[in-house]
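Participant: Would you mind keeping the following structure in view while I ask a few things?
The values are calculated or read from the model by the stated rules, or taken from the named source; none is laboratory data. None of the values given here were measured: they were computed from a predicted structure. Reconstructed Cβ throughout: ideal geometry from the backbone, glycine too, with neighbour counts over all protein chains shown. For the accessible areas, the whole protein counts, side chains as well, though only heavy atoms, and no ligand, DNA or RNA atoms are used. Shrake-Rupley method; radii C 1.70, N 1.55, O 1.52, S 1.80 Å.
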Amino acid sequence: MDSGEDGGGGGEPEVIAKASVLGGFTENTEIRALISSLPVVHENIVTLESAIERFLVIMDRYQEQPHLLDPHLEWMLNLLLELIRSEQSPPLLVHLGFKFLYIISKVRGYKIFMQLFPHEVADVQPVLDLLCRQDPKDPETWETRYMLLLWLSMTCLIPFDLSRLDGHLTSDPSQTREPIMDRILAIAKSYLVVSDKSRDAASVLVSKFVTRPDVKLKRLGDFLDWSLTTISQASDQTMGGTVILDGALQSLYRINVAPEQTKHLKTRKVPIGRIPHVDEVQMNCSDRIQHVFPLLSIGRMTGRLPKELADEVVGSVLDCFSFQETDNAWHGGCLALAELGRRGLLVPSRLPDGRMVYDEKRGACSVGSNVRDAACYVCWAFARAYEPTELKPFVTQIACALVITAVFDRNINCCRAASGTFPYGIDIVVAADYFAVGNLNNCYLAISVYIASFPEYTRPMIDHLVAMKINHWDGVIRQLATKALHNLTPQAPDYMATTVMPQLLPIALGIDLHSRHGAILASAEISHALYKLANQNNRYCNLTSQPANHSIAALYTVSQVSFNRTRYIRLPCVYQILSGLQQSCSQREVCFTEARRDAAKAMGSSDSVVCEGNVSAVYRALLDCMTDYTLDSRGDVGAWVREAAMTSLMEMTLCVVGTAPQLLSPDLVNGMMCRLAQQSAEKIDRYRAHAGSVFVRLLHSNNPAVPHIPHREELLLLAIFPTEGAESLNWNAPSQAFPHITQLLRLPQYHTLLGLTVSVGGLTESTVRFSSQSLFDHLMLIQQDTAALGQFSDALLRVFRDNLRNDRVSIPFLKMLDQMLARFCVVLLSLCKEEIKKSKYTRKLRSAIAVFCGLIQFQGEVRKKVLSPLPCGDGLIRKTTASQVYEMLLTYDDVIDPDVMDDVMTSLSDTNWEEDVATVRTHRNQLCDWLGVQKPQPRCFPLPAKP
């Protein structure tokens, strides 16, 4: 294969260049060799299969550019026909030659390739005789029969009457001579009912044979009789019957579309008795829509029937529109109806309507767009075939269906297919033109409102959204449909309140998840629209005569309306909705995360119905939402609930403080501020910033002030978060947030340590660095304060005890504890060194050595500093040190390299460490090399000055 020119250095041009690198048929030499070798290789099954496979590989390369084969088709055909015509060729070689011919025709297309077959008068008899010798039931040689049928269809085009060839059949007058015309027709009929691909070639043969002037004059009527009888007797419930129907219908279609035959059928009257079951043709064809052309021929065939039989055909077509049929059958039926309607053969009272809403879900997608597109074509075919007076009773029905499809169909092509001329057509077409309907959001939310302003379309559009779109399998369509209902409510408010809402409420309690979701959203949107409309007109509208659903948490919009305007929905129902919201907040399943989030949002608007009897429950539900740490494949989805709960707490608290501050007890405020403080120390920047902002806003609220905030009256909180610096504090930046947060550790009421633990033991480098640094700075400040250290220790133990086996907290806690111990051990080690410096007290030195060996378990800087001070003082101390180091290495085998472990252990155990310093110093220095620590350097004292 040619490499092609360079694509210019870019990736995409190179790909485009490589997509069309075939400049010609470059394997002609190899193909010649393959065809020439067939007489030799066909005798060996291995070489035969290898030759066939290689020929297939070469030809398949030209599937996308078959025209490159055109200059080489003739010589390939001649080489193969030479093998086929040779009398020395065995049957296996003949079949192999036809197999290669079929491969070529498959790549280039039979219509082009069959024209190259020899079609002289002398070719008719040999081809026909060879075809008669074939076994139609042999599954191994179907390529031979397929190509012979195509070849015979070309020889049938000779410009001589076939009866002239009958004299060459036999010279014996005693034998019965069968005309060639009958032999060819019999062969074609026999192959129209086979189950292999020869059936397609037989239909081509029939279309070319019976359209000859001499044949159609003598044999066309008989062939139509045979075809219709075959169709009437075949059953579409069996595989064999379906094959027979397919062959007969293909032949009828190809005959019907031939120009010469069309002219002939217009002048010749076919007896009605020959077409008793044309309606069954369509019924079976609807079941096998993959052959579209029989459907298109139904209109032509029905147009030649009497009115009574034509109406029966139409009835059979319409009877096929059943939901037990596939979408292919519906599509084919619509095309057949379009052909019938275009010719004025469809009674106007039978105009289709339901086909434009056909939509079935298949797996993760849906089918039916082709059906709806074809149904639109049917409507336009009617409009062009019938007089306006005949269509007048059905104009509104058709127009509504087309408008609904143009505006609300999920498929853009169907929207464009349905857009056209309607009542108020000019105005509608201007608003819903070809480009406007290409945007679904624009269709649902803008164009639909304009079209609904015309009274003919208002209720049909609303009914369609309620019946077909709010229960759609696509969530985006459901949401758009409910928003469209919101926008359409001002067009028919009474219809929405008295008809649509009673329909939606039972659906909201149904078992279908899609329908329930759509009904709940639709109820919310319609209620909100009715509220706004009633508010504008200063009217009262009662929508809550039926019990509210416990899943009402999803009705976020309804809750906003009801909670903010209690005159709109009755108070008992509002309290019931509030109870449902509290129950929704308590469901901790992963799949209800969004419901809990929306329930928390909705509860933030319930300030006007909060009273002494429910304020505690409302706050308790929201505070419980702030402990939601649900995880799924998307991560910490519980953070959505926590954020919504924090927002709702802030909004509700500020509203309650302004209207009824006595409802806020110290326990409620204390719990709220403590949870906010904990969230302000969390590891996720966004939610930490949100919590900190809410905390500071409630703290600095002065109009009026939030009562009972712990330590605000003592000005301790205001010292940490001063008013003048509150707005400039960037809670998203760990370097600015954590120095303020750790100061809350001095106030035991605020559970900051729990959130700080998660941040210190987290994964984000900046969060870990600044949170741990702030924590250790706090510990350094309180190291002399015994009471503060005690409070911190108690809080630390309480965090660990309350979160045992809670990986969200326990793992970060262990990481934080490791950092604290490592930091503590460094300080401890420094103090120990300072304590034993220049000391000769044996008990103190031995105790310090035990501490050093215990600290060896801490890796990093602590371990390096522990191994450095190897004393060379008193012999007893050296011996004790060697013994404890030996035991320490036995306990912690990861301290030194395993390669030198044996040498170190041998040196520690075999050396007499009580000898003089000069002797043991060599062993000490060797140990330093093995342990990877710096050797102690002897101190140099200055020489005394000369007098």
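Participant: Can you give me the ranges of the helices (runs of 4 or more DSSP H) entirely in the range 709-796 with at least 1 residues that are at pLDDT 90 or above and touching a Gly at 6+ places or on another chain (Cβ under 8 Å)?
Facilitator: Helices (runs of 4 or more DSSP H) meeting the threshold: 734-741, 765-781.
Participant: In addition: Return yes or no: is Phe394 surrounded by fewer than 19 Cβ atoms within 10 Å (Cβ to Cβ), modelled with pLDDT of 80 or more and over 18 Å from Asp474 (Cα atoms)?
Facilitator: Considered against the rule, which asks whether it is surrounded by fewer than 19 Cβ atoms within 10 Å (Cβ to Cβ), modelled with pLDDT of 80 or more and over 18 Å from Asp474 (Cα atoms), Phe394 comes out as no.
Participant: Identify, from the list Leu845, Leu821, the residue that is touching a residue at least 12 places away in the same chain (Cβ under 8 Å) and open to solvent by less than 40 Å² (accessible area, probe 1.4 Å).
Facilitator: Among Leu845, Leu821, only Leu845 is touching a residue at least 12 places away in the same chain (Cβ under 8 Å) and open to solvent by less than 40 Å² (accessible area, probe 1.4 Å).
Participant: Quick check on this structure: which one of Gln115, Gln134 is of a type in the set (S, T, N, Q), surrounded by fewer than 14 Cβ atoms within 10 Å (Cβ to Cβ) and out of contact with any Gly (no Cβ under 9 Å at 6 or more places or on another chain)?
Facilitator: Step by step, each of Gln115, Gln134 is checked, and only Gln115 is of a type in the set (S, T, N, Q), surrounded by fewer than 14 Cβ atoms within 10 Å (Cβ to Cβ) and out of contact with any Gly (no Cβ under 9 Å at 6 or more places or on another chain).
Participant: While we're on this one: Pick from the range 232-247 the residues that are closer than 12 Å to Leu192 by Cα and aliphatic (A, V, I, L, M): which of them is nearest to the chain's Cα centre (by Cα)?
Facilitator: Val243
Participant: Looking at (1) closer than 19 Å to Lys483 by Cβ; (2) open to solvent by 40 Å² or more (accessible area, probe 1.4 Å); (3) at pLDDT below 50, which is the only condition His550 fails?
Facilitator: Single failed check for His550: (1).
Participant: Identify all residues within the range 661-682 that are open to solvent by 10 Å² or more (accessible area, probe 1.4 Å), in contact (Cβ under 8 Å) with a residue 12 or more places away in the chain and over 25 Å from Glu594 (Cβ atoms); write none if there are none.
Facilitator: Hits for the range 661-682 are Pro661, Leu663, Ser665, Pro666, Leu668, Asn670, Gly671.
Participant: Could you say which residue among Tyr191, Tyr146 is closer than 30 Å to Leu92 by Cβ, modelled with pLDDT of 85 or more and touching a Lys or Arg at 6+ places or on another chain (Cβ under 6 Å)? Even if it seems obvious, please write down each step before you answer.
Facilitator: Working: Tyr191 fails: touching a Lys or Arg at 6+ places or on another chain (Cβ under 6 Å).
It is Tyr146.
Participant: Filter the range 413-468 down to the residues that are closer than 27 Å to Ala519 by Cβ, among the hydroxyl-bearing types (Ser, Thr, Tyr) and assigned to a loop (DSSP other than H, G, I, E, B) and list them by number.
Facilitator: Correct list: Ser453 only.
Participant: Name the residues in the range 592-643 that are open to solvent by 20 Å² or more (accessible area, probe 1.4 Å) and of a type in the set (Asp, Glu), would you?
Facilitator: Glu594, Asp598, Asp607, Glu612, Asp624, Asp632, Asp636, Glu643
Participant: Also: Residues to consider are Ser606, Ser584, Ser633; find the one that is closer than 30 Å to Gly755 by Cβ, of a type in the set (Ser, Thr, Tyr) and modelled with pLDDT of 85 or more.
Facilitator: Ser633 is the lone residue from the list that is closer than 30 Å to Gly755 by Cβ, of a type in the set (Ser, Thr, Tyr) and modelled with pLDDT of 85 or more.
Participant: Restricting attention to the range 440-457, does a residue exist that is more than 22 Å from Asn370 (Cβ to Cβ), surrounded by fewer than 21 Cβ atoms within 10 Å (Cβ to Cβ) and among the small types (Gly, Ala, Ser)? Working first, answer last.
Facilitator: Narrowing the range 440-457 to residues more than 22 Å from Asn370 (Cβ to Cβ): 441-442, 444-457.
Then keep just the ones that are surrounded by fewer than 21 Cβ atoms within 10 Å (Cβ to Cβ); that gives 441-442, 445-446, 449-450, 453-456.
Narrowing further to those that are among the small types (Gly, Ala, Ser): 446, 453.
Within the range 440-457, one or more residues are more than 22 Å from Asn370 (Cβ to Cβ), surrounded by fewer than 21 Cβ atoms within 10 Å (Cβ to Cβ) and among the small types (Gly, Ala, Ser).
Participant: Does the range 801-816 include one or more residues that are part of a loop (DSSP other than H, G, I, E, B), among the basic types (Lys, Arg) and surrounded by fewer than 16 Cβ atoms within 10 Å (Cβ to Cβ)?
Facilitator: Yes, there is a match, as at least one residue in the range 801-816 is part of a loop (DSSP other than H, G, I, E, B), among the basic types (Lys, Arg) and surrounded by fewer than 16 Cβ atoms within 10 Å (Cβ to Cβ).
Participant: Okay, next question. Kindly indicate the residue of the range 733-762 that is of a type in the set (Gly, Ala, Ser) and over 38 Å from the mean Cα position of the chain (by Cα) and also least open to solvent (accessible area, probe 1.4 Å) among those meeting that condition.
Facilitator: Looking at residues that are of a type in the set (Gly, Ala, Ser) and over 38 Å from the mean Cα position of the chain (by Cα), I get Ala737.
Participant: Where residues in the range 199-236 are open to solvent by 10 Å² or more (accessible area, probe 1.4 Å) and touching a His at 6+ places or on another chain (Cβ under 7 Å), which of them is nearest to Val127 (Cα to Cα)?
Facilitator: Within the range 199-236, the match that is nearest to Val127 (Cα to Cα) is Lys216.
Participant: If you go through the range 904-925, how many residues are open to solvent by less than 30 Å² (accessible area, probe 1.4 Å) and of a type in the set (Lys, Arg)?
Facilitator: Looking only at that region, the number is 1.
Participant: Just to be sure, is Arg686 closer than 22 Å to Val615 by Cβ, in a helix (DSSP H, G or I) and either modelled with pLDDT of 90 or more or open to solvent by less than 10 Å² (accessible area, probe 1.4 Å) (or both)?
Facilitator: The answer is no for Arg686.
Participant: If you don't mind, there's one more thing I want to ask. Within the range 326-355, which residues are outside any helix (DSSP H, G or I), open to solvent by 60 Å² or more (accessible area, probe 1.4 Å) and at pLDDT 70 or above?
Facilitator: Correct list: Thr326, Arg343.
Participant: A further question on this structure: Could you list, ordered by first residue, the pairs with Cβ atoms under 7 Å in which the first is in the range 83-97 and among the hydroxyl-bearing types (Ser, Thr, Tyr) and the second is open to solvent by less than 50 Å² (accessible area, probe 1.4 Å), at least 6 apart or interchain?
Facilitator: Filtered contacts from the range 83-97: Ser89/Leu83.
Participant: Residue by residue through the range 462-512, note down the ones that are hydroxyl-bearing (Ser, Thr, Tyr) and open to solvent by 20 Å² or more (accessible area, probe 1.4 Å).
Facilitator: Of everything in the range 462-512, those that are hydroxyl-bearing (Ser, Thr, Tyr) and open to solvent by 20 Å² or more (accessible area, probe 1.4 Å) turn out to be Tyr495, Thr498, Thr499.
Participant: Read through the list (1) within 60 Å of the chain's Cα centre (by Cα); (2) at pLDDT 80 or above; (3) open to solvent by 50 Å² or more (accessible area, probe 1.4 Å), then give the number of the only condition that Met901 fails.
Facilitator: (3)
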